[in-house]
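Student: Pasting a structure below so you can have a look.
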Amino acid sequence: MITMTDDDQSNMSAGRREREAMYPDQGYILVRIDYNSPPGDALEKVATYESLDEIGSIPSDTDWEGYVVYDSEGNAYSNEDL
């Protein structure tokens, strides 16, 4: 059985707060995820869009970073969704 430590729970909370802070009030936002940064410091806003059709495609993930699109309700979109 795997149990979570206080540090694990704290990192999850920091990551959740950071992600929720990225959600746009309206439209969509492209976010870069830095896999080498700790939760709470890993996300960076790249661009904003009014519709998914405007986006076309997002950059491919690498070993060091990934990309995701969020909407105002917290839904996440990948290239497969676009």
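Student: Taking the Kirkwood radius as the inverse of the mean 1/r across Cα pairs, report the Rg/Rh of the chain. Show your work: numbers first, answer last.
Tutor: Numbers: Rg = 13.8 Å, Rh = 13.5 Å.
For the chain, the value is 1.02.
Student: Here's a follow-up. Rolling a 1.4 angstrom probe over the protein heavy atoms, how many square angstrom per residue are accessible across the chain?
Tutor: Details: 5750 Å² over 82 residues.
Ligands and nucleic acids excluded, the figure is 70 Å² per residue.
Student: At 222 nm, what value in deg cm²/dmol follows for the chain if DSSP H runs of at least 4 each add -39500 (n - 2.57) and the sum is divided by all its residues, to the nearest 500?
Tutor: Result for the chain: -7000 deg cm²/dmol, rounded to the nearest 500.
Student: Hey, another quick one. Keeping the other protein chains in place, figure out the carbon and sulfur percent of the accessible area of region 32-82, with a 1.4 Å probe. Mind showing how you got there, number by number?
Tutor: Working: 1330 of 3350 Å².
Roughly 40 percent, rounded to a whole number.
The values are calculated or read from the model by the stated rules, or taken from the named source; none is laboratory data. Computed from a prediction, not measured in an experiment: that's the story for all the values here. Keep in mind that these areas ignore ligands, DNA and RNA; they rest on the heavy atoms of the full protein, side chains included. Shrake-Rupley method; radii C 1.70, N 1.55, O 1.52, S 1.80 Å.
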